[in-house]
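Q: Dropping the structure in here first, questions after.
The values are calculated or read from the model by the stated rules, or taken from the named source; none is laboratory data. All figures in this text were calculated on a predicted structure; none of them were measured in a lab. Cβ: placed from backbone, ideal geometry, glycine included. Neighbour counts: every protein chain shown.
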Amino acid sequence: MLHIIPTPIGNLADFTFRAVEILKNVDLILAEDTRTSSVLLNHYQIHKPITPFHQHNEHKVTAHLIEQLEQGKEMALLTDAGTPGISDPAFFLVRACVQQGIDLECLPGATAFVPALVNSGLPINRFCFEGFIPLKKGRHTLLTQLSTESRTMVFYESPMRLVKTLELFMQYFGEDRPCSVSRELSKKFEENKRGSLKEVHDYFQAKGVKGEIVIVVGGKEE
């Protein structure tokens, strides 16, 4: 069986008892970054073999992992933070397991966009998750399409690109569109800045940015 294990997005205390129990009993742990995952595993005294599984090697190693799973091995897949598959590696291996009839389960757990969406103050009865916007190719097409989206939109972004991305959103969505930027969720210096795209842009342009970023933007009013 393959176990998909969500990991804390910041605070290590957010890990679940069930996740710890599974990780202590699997044969192999697959990690997006073994150094990052080792911090979590050592904190919970989990000592199991660990090997890299990320976007740069998933196509090469998946066939071998499937063979091991078919032979009865138990594996767990971790990413650096949050639920594997949500803007992180997992889909390629999960699809292969489904195609080969290998049992798999995904535990419920942490993912950054949920708390950011809930505490944004924007409508959440309907929303769309867009993850990271393209750096170049396809960016104009995507943002043009989203400019008329009526649902609340959720994006991930790096701290280095936040201000530039907010400038793009102002260009395509308008300066007055409501938004919320969440950073360092679940950590000591968690911050949720709400306002218009222009207000939030100016705030972070003057302040500087650190930490993982979630941007929530209100949809176009119908």
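Q: Can you name every residue in segment 160-177 that is surrounded by fewer than 19 Cβ atoms within 10 Å (Cβ to Cβ) and either of a type in the set (D, E, K, R) or within 19 Å of Asn119 (Cβ to Cβ) (or both)?
A: Arg161, Lys164, Glu167, Glu175, Asp176
Q: So which of Arg126, Arg95 ends up being touching a residue at least 24 places away in the same chain (Cβ under 8 Å), of a type in the set (D, E, K, R) and more than 21 Å from Thr16 (Cα to Cα)? Talk me through it step by step, then tell me what you get.
A: Values: Arg95 fails: touching a residue at least 24 places away in the same chain (Cβ under 8 Å).
Among Arg126, Arg95, only Arg126 is touching a residue at least 24 places away in the same chain (Cβ under 8 Å), of a type in the set (D, E, K, R) and more than 21 Å from Thr16 (Cα to Cα).
Q: Met170 versus (1) assigned to a strand (DSSP E or B); (2) touching a helix residue (DSSP H, G or I) at 6+ places or on another chain (Cβ under 7 Å): which is the lone unmet condition?
A: (1)
Q: Considering (1) over 30 Å from Lys220 (Cβ atoms); (2) surrounded by fewer than 18 Cβ atoms within 10 Å (Cβ to Cβ); (3) at pLDDT below 95, say which one Gly109 fails and leave the rest.
A: In the conditions (1) over 30 Å from Lys220 (Cβ atoms); (2) surrounded by fewer than 18 Cβ atoms within 10 Å (Cβ to Cβ); (3) at pLDDT below 95, Gly109 misses (2) alone.
Q: Looking only at strands (runs of 3 or more DSSP E) that fall completely inside segment 91-159, which ones have 2 or more residues that are touching a strand residue (DSSP E or B) at 6+ places or on another chain (Cβ under 7 Å) and closer than 21 Å to Glu191 by Cα?
A: Working: elements: 104-106, 127-131, 152-157.
Passing ranges, in order: 127-131, 152-157.
Q: Hey, can you tell me all the residues within segment 1-56 that are exposed (fewer than 13 other Cβ atoms within 10 Å of the Cβ) and more than 16 Å from Asp80 (Cα to Cα)?
A: Phe17, Glu21, Asn25, Gln45, His47, Pro49
Q: Look through segment 180-198, keep the residues that are touching a Leu at 6+ places or on another chain (Cβ under 8 Å) and assigned to a strand (DSSP E or B), and return whichever of them is farthest from Thr165 (Cα to Cα). Give the derivation first.
A: Within segment 180-198, the subset touching a Leu at 6+ places or on another chain (Cβ under 8 Å) is 180-181, 197.
When the remaining residues are screened for being assigned to a strand (DSSP E or B), the result is 180-181.
Details: Ser180: 13, Val181: 12 Å.
That would be Ser180.
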